[in-house]
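The values are calculated or read from the model by the stated rules, or taken from the named source; none is laboratory data. Here the structure is a predicted model, which is why all the values come from computation and not from measurement. Positions of Cβ are generated from backbone atoms using ideal geometry, with glycine treated the same way; all protein chains shown enter the neighbour counts.
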Amino acid sequence: MVGPCVFISRSNLPSIIYTELNKLPVEIRMWKETGPMWGKQASPPREVWIDVFKNCVGAIVTLGDVIDRSLLNEAEKLFVISTYSVGVDHIDVKAATEKGIYVTHTPEVLVEAVADLAMGLLIALGRKIVLGDRLVRIGGIYDKWGWLLGTEIHNATLGIVGLGNIGTALARRAKAFDMKVIYWSRTRKPHIEFALGIEYRPLESVLSESDFVVITIAATPETRHLINEERIRLMKKTAYLINVARGDIVDTNALVKALKEGWIAGAALDVFEEEPLPSTHELTKFDNVVLTPHIGSATYETRERMAEIAVRNLINVLMGKRPLYLANP
Ligand code: DGY
């Protein structure tokens, strides 16, 4: 007898997802990418989703899958969506909750990996590592001792925008590098200030006082373009902006203008308003910009743990148990 179906929206997720689901009396339906393996283009077409929402009980999705209200309205049998990500901004969680659909995600396990990347981007920017690599490959630069001068990391001020788990893990790293750490968050965290020796500031002061500003805040409708033209203008000319959270927290047009006109010293971005970022995008033209393709959680260990949690979340809901991490309010 074929059981109810469970959908997996990518064929290249860690194998634990398939092995665990295979132990259940369910039919596993998997979308096999026909084009790119990443981003929205790799997501199944709408007609496939509609069929899934009508006929399957659960789905494992990625952050390239946009699950909006119109799709959720098609749900007949589906009652759990497990996303293989911490972010749930690609899912209309409010609409899902109204429909009685569980939305689960994978926080905590990717905190250290994303904080590592943020620290790596910070150092890469400050010490011009990526530019240096490019120049070595071209050759003949070793006599020019007056260039490729960077900014010291120790004693510099790091401003963290959003002191959640990732922001806190980054603060810990920065303290080990002898940085001064200030932060702004929607909720002030006195216990973390005390434990790590960091200081709270209004957002405007974080921007104006920092040598490195790192965005780690969660994406919500309220944080869209939080870092806009007016706020980028508050930053020092010598300061760097780093975003490892979500692309639309930074107004890309304002950032491009800032880089063109030299309001800031540079930027490092792991996330973009449009993903994948087109290779011809203006951001790719700047030497003082480091770009990575949304690899915050991309370590073997973290992705394996995310997969374990994603499948456990889904199975728990299917079995009538509480998932490990529920995103519904
Ligand atoms: C997530 O899981 O939401 C992260 O952005 C992955 O890097």
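Side notes on the structure shown:
- Restricting attention to the stretch 74-94 and to residues that are in a loop (DSSP other than H, G, I, E, B) and more than 13 Å from the chain's Cα centre (by Cα), the residue that is farthest from the ligand (Cβ to nearest atom) turns out to be 76.
- Flag if residue 13 is surrounded by 20 or more Cβ atoms within 10 Å (Cβ to Cβ) and either under 26 Å from the mean Cα position of the chain (by Cα) or in a loop (DSSP other than H, G, I, E, B) (or both): no
- Flag if residue 130 is within 16 Å of the ligand (Cβ to nearest atom), touching a residue at least 60 places away in the same chain (Cβ under 8 Å) and surrounded by 13 or more Cβ atoms within 10 Å (Cβ to Cβ): no
Conditions (1) in contact (Cβ under 8 Å) with a residue 24 or more places away in the chain; (2) aromatic (Phe, Trp, Tyr); (3) more than 16 Å from the ligand (Cβ to nearest atom); (4) outside the structural domain of residue 242 (by TED's automatic domain parsing), marked per residue:
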site	(1), (2), (3), (4)
52	yes, no, yes, yes
56	yes, no, yes, yes
61	yes, no, no, yes
65	yes, no, no, yes
72	yes, no, yes, yes
96	yes, no, yes, yes
102	yes, yes, yes, yes
105	yes, no, no, yes
116	yes, no, no, no
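- When residue 116 is tested against (1) in a helix (DSSP H, G or I); (2) buried (at least 24 other Cβ atoms within 10 Å of the Cβ), just one condition goes unmet, and that condition is (2).
- Yes/no for residue 223 being crowded, with 17+ Cβ neighbours inside 10 Å and in the same structural domain as residue 268 (by TED's automatic domain parsing): yes
- Conditions (1) under 14 Å from residue 85 (Cα atoms); (2) in a loop (DSSP other than H, G, I, E, B): number failed by residue 273: (1)
- Filter pass, residue 284 being within 15 Å of the ligand (Cβ to nearest atom), among the polar types (S, T, N, Q) and either part of a helix (DSSP H, G or I) or assigned by TED's automatic domain parsing to the domain that holds residue 163 (or both): no
- 3 or more residues over 19 Å from residue 108 (Cα atoms) and without any contact (Cβ under 8 Å) to a residue 40 or more places away in the chain: qualifying strands (runs of 3 or more DSSP E) within the stretch 162-262: 180-184
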